[in-house]
Structure formats: C-alpha cells, structure tokens
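Notes follow the structure.
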Amino acid sequence: MKTITQSRLLLLTLLFAASIKVNAQDNIEQIFRAGVGDANTYLKNYAEEAILSFNSGLGSGWYNTAKPHKTLGFDLTASISVATIPKSDLLFQFNPNDYANLELQGGGSSATLPTAFGGDANQTSLVIPANTVIENPLNGEQVTYSTEINFPAPDGLIDGEDFPIIGAPVPAIQLGIGLVKNTELKLRYVQDFGLIDDGSLSIIGVGVLHDIKQWIPGIKQLPFDISGFIGYTSLSADYQIDDILDSDFTFVDGDVEFQVRSTTFQAVASKKISILTPYLGIGYNIAGSTFKVKGQVSYQDGINRIELVDPIDLEFDNGSTARINAGFRIKLAILTLHAEYAIQKYNTLTAGVGISVR
C-alpha cells in the first residue's frame with residue numbers, strides 16, 4: 001500500500017501554497033491572469049474535495065464509549081481520522097459559463113479536470129481570449145489583452161487513483177475528565193511546536209459527554225449506556241510562500257491561511273462485554289472552512305502589468321452532514337485500543353490508542 005509522507009500531507013493541507021511553490025509547472029499561477037473572480041472560482045473547484053475531507057475528519061474520534069468517566073476519572077488518547085474521498089470526486093466539471101474570462105481551447109462546452117487529488121489534466125488547455133478586458137483592482141484601470149493566452153490546465157498535486165484510500169488525515173490528542181452527574185469534559189489539542197518550516201498547524205477542541213439515561217424514567221435499568229455528546233473542533237494552518245520574482249510573474253509576501261470548524265452533535269449507545277465495548281452513534285456534524293491567500297501578485301502582459309493584493313478568499317459551507325458511526329474499544333487494564341467507521345458526507349475511518357482510569 002502506498003503512503004503519503006508527513007511533509008506531502010502538509011502541502012496537501014495548504015493546497016495553493018504547494019501548487020505555487022512545488023508545482024509551478026502546473027500553471028496554477030496562470031489562473032490569476034483571468035482575474036480575481038475566475039481565480040477564486042477555479043481554485044474553489046480545485047480544492048473543495050480535500051477541504052471537505054478535513055470537515056468530515058475533524059468531527060470524528062471524540063469518544064469510544066457512551067459511559068462517562070466517574071468523577072475525576074480520566075483518559076488520554078491519540079487518534080487519527082481519515083475521511084475518504086470517493087474516486088468520482090477526484091475530478092470536477094469545468095463549465096466555461098461559470099467563468100468571466102476562462103475558456104477551453106477549441107471552444108468546448110465543458111471538460112473534466114482534476115482536483116488537488118485528481119492527477120493528470122490529460123493535456124487539456126485553458127484559454128483567455130484576445131481582447132479580454134481585465135480590471136486592475138489596485139487602481140481601477142482596465143487592461144485589454146492584445147493576444148490570446150493559452151496554457152495547460154493545472155494537474156493535481158497527487159493522483160488519487162494510485163492510492164486505495166485517499167483523504168486528508170486529521171490527528172487528535174485528547175483528554176477526558178469525569179465531572180459530577182455522569183458528565184465528562186473532553187479537551188483536544190494538537191500543535192506543530194515549530195516543526196513545520198515557514199508555517200504552523202494547530203487543532204483545539206472542547207466537548208461534553210453526558211449520561212442521558214439517568215433522566216429518562218423507565219430506562220435506567222437497561223443493560224447498556226446512553227449518552228448525548230456535543231463537541232467543537234477548530235483546525236488552523238498558516239504557511240508562508242517563498243517570494244517568486246520571475247520577470248513576467250511575481251508573488252511577494254505570500255501567506256496561506258486555512259481554517260476548518262466542526263460542531264458535532266451525537267446520541268451514543270454502548271455496551272461493555274468483558275474487555276470489549278462496542279458502540280453506536282447517530283447525529284449531525286456542522287462544518288465550515290475558509291481558505292485565504294494573501295500577498296502581492298503581479299504579472300506582465302506586453303507593456304501592461306496587473307497587480308493583485310490578497311487575491312484568494314474562499315468559504316466552504318457545504319461540509320455539514322448527518323452521520324452514523326459504529327466502533328469498538330478494547331480495554332486491557334488501563335490501556336485502550338479503539339476503532340470506528342462513520343457514514344457521512346465523506347465516510348471516515350478512525351483508529352486510536354490511549355490510557356483510561358476509572
């Protein structure tokens with residue numbers, strides 16, 4: 001089975017940064033020549049599936065039993081969740097009607113192009129026609145392209161077809177502490193601690209697991225546990241892009257900001273059978289993301305030069321999804337091993353290890 005290195009995963013997390021810094025030959029930078037509006041539309045299509053994978057993964061792995069810890073009992077767990085992207089979503093449909101200036105070479109009405117995980121663009125070319133008028137956002141002046149601009153469509157950063165499972169992995173280090181009234185507080189924290197050159201990555205979260213069986217007459221004596229859970233997680237990533245100072249294209253003071261937010265609501269049931277605790281959850285995950293590229297971009301067209309500031313500002317608000325998850329925990333003294341599978345917008349596999357007391 002092929003694997004993806006940690007450094008490559010960072011590049012996938014910061015999609016635009018990787019495309020500019022590592023894969024400049026894939027012509028991502030050429031998209032800017034079509035103007036800010038077209039650049040944002042194209043890059044949203046290019047990055048959406050990877051970002052939705054983060055949305056789904058971030059709401060997973062919060063619990064491995066429905067039974068809260070006793071007062072001052074605790075657990076400490078480390079887990080990783082991967083929300084798998086279907087093969088059908090590794091490509092997107094390019095429709096020229098969605099763009100003000102970008103067209104397909106030869107005047108085609110549509111084409112299938114790769115997302116960030118979609119591999120080769122198969123020599124499909126994009127065109128900005130001659131006489132296209134682009135407004136310079138800095139001064140409001142208009143520039144008319146004297147000749148046609150033709151360039152290959154950007155390839156994906158990797159080819160998802162080469163991997164049996166493709167998705168954006170989300171790590172979690174989590175502490176659970178038992179409080180009063182069968183309530184458990186859960187805290188998440190992941191930090192790169194300066195290990196990422198020219199960037200940073202952090203995950204923080206807080207959740208509450210509460211036994212609801214105690215409040216419902218008639219079910220207190222049922223031989224399994226039932227709890228309600230709510231948790232909020234935020235992932236923030238920042239990456240500084242090295243200056244590009246080519247004669248016809250420059251990008252200085254570049255910085256990528258990427259944020260994902262997830263709020264998870266679940267009803268959870270579990271049953272302890274010796275060392276094994278199977279569990280089942282049903283609920284909803286509310287997710288949203290922002291992806292921004294800041295910096296000063298300028299490019300030359302003959303005698304004209306167009307300059308852009310903070311050119312990319314994207315919001316992804318379609319990551320919310322109903323979810324059903326099932327899993328199990330094995331507890332050996334204080335050592336725990338757990339795994340679960342969640343059916344949601346992008347189905348998610350989670351596995352982890354920890355210690356648990358009381």
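The values are calculated or read from the model by the stated rules, or taken from the named source; none is laboratory data. Because the structure is a prediction, the values reported are computed rather than measured. All Cβ positions, glycine included, derive from the backbone under ideal geometry; neighbour counts span all protein chains shown. When the accessible area is computed, the model is the full protein with side chains, heavy atoms only, and any ligands, DNA or RNA have been set aside. Shrake-Rupley method; radii C 1.70, N 1.55, O 1.52, S 1.80 Å.
Structure notes:
- Residue list for segment 110-151, filter: touching a residue at least 12 places away in the same chain (Cβ under 8 Å), in a strand (DSSP E or B) and either over 12 Å from residue 34 (Cα atoms) or of a type in the set (Asp, Glu) (or both): 111, 112, 113, 114, 118, 125, 135
- Of the strands (runs of 3 or more DSSP E) lying entirely inside segment 191-272, those containing at least 1 residues that are modelled with pLDDT under 85 and over 26 Å from the mean Cα position of the chain (by Cα) are 249-270.
- Residue within segment 302-313 that is within 30 Å of residue 253 (Cβ to Cβ), open to solvent by 20 Å² or more (accessible area, probe 1.4 Å), modelled with pLDDT under 85 and polar (S, T, N, Q) present: yes
- For segment 314-330, taking the residues that are among the charged types (D, E, K, R) and buried (at least 16 other Cβ atoms within 10 Å of the Cβ), the one that is farthest from residue 341 (Cα to Cα) is identified as 329.
- Within segment 301-328, residues that are over 17 Å from residue 57 (Cβ atoms) have Cβ atoms under 6 Å from residues that are at pLDDT below 90 and surrounded by fewer than 13 Cβ atoms within 10 Å (Cβ to Cβ) in these pairs: 302/146; 307/138, counting only partners at least 6 apart in sequence or on another chain.
- Segment 143-178, residues that are of a type in the set (S, T, N, Q) and either under 28 Å from the mean Cα position of the chain (by Cα) or under 15 Å from residue 116 (Cβ atoms) (or both): 174
- Residues of segment 159-187 that turn out to be open to solvent by 20 Å² or more (accessible area, probe 1.4 Å) and at pLDDT below 85, as a count: 7
- Residue 173 vs. criteria hydrophobic (A, V, I, L, M, F, W, C) and assigned to a loop (DSSP other than H, G, I, E, B): no
- Within segment 75-124, if we keep just the residues that are of a type in the set (Val, Ile, Thr) and under 17 Å from the mean Cα position of the chain (by Cα), the residue that is surrounded by the most Cβ atoms within 10 Å (Cβ to Cβ) turns out to be 85.
- Scanning segment 281-300 for residues that are more than 17 Å from residue 39 (Cβ to Cβ), more than 21 Å from the chain's Cα centre (by Cα) and buried (at least 17 other Cβ atoms within 10 Å of the Cβ) gives a single hit, 281.
- Residue list for segment 81-109, filter: part of a strand (DSSP E or B) and under 18 Å from residue 163 (Cα atoms): 81, 82, 83, 84, 91
- So residue 66, is it under 30 Å from residue 185 (Cα atoms), part of a strand (DSSP E or B), open to solvent by less than 80 Å² (accessible area, probe 1.4 Å) and not polar (S, T, N, Q): no
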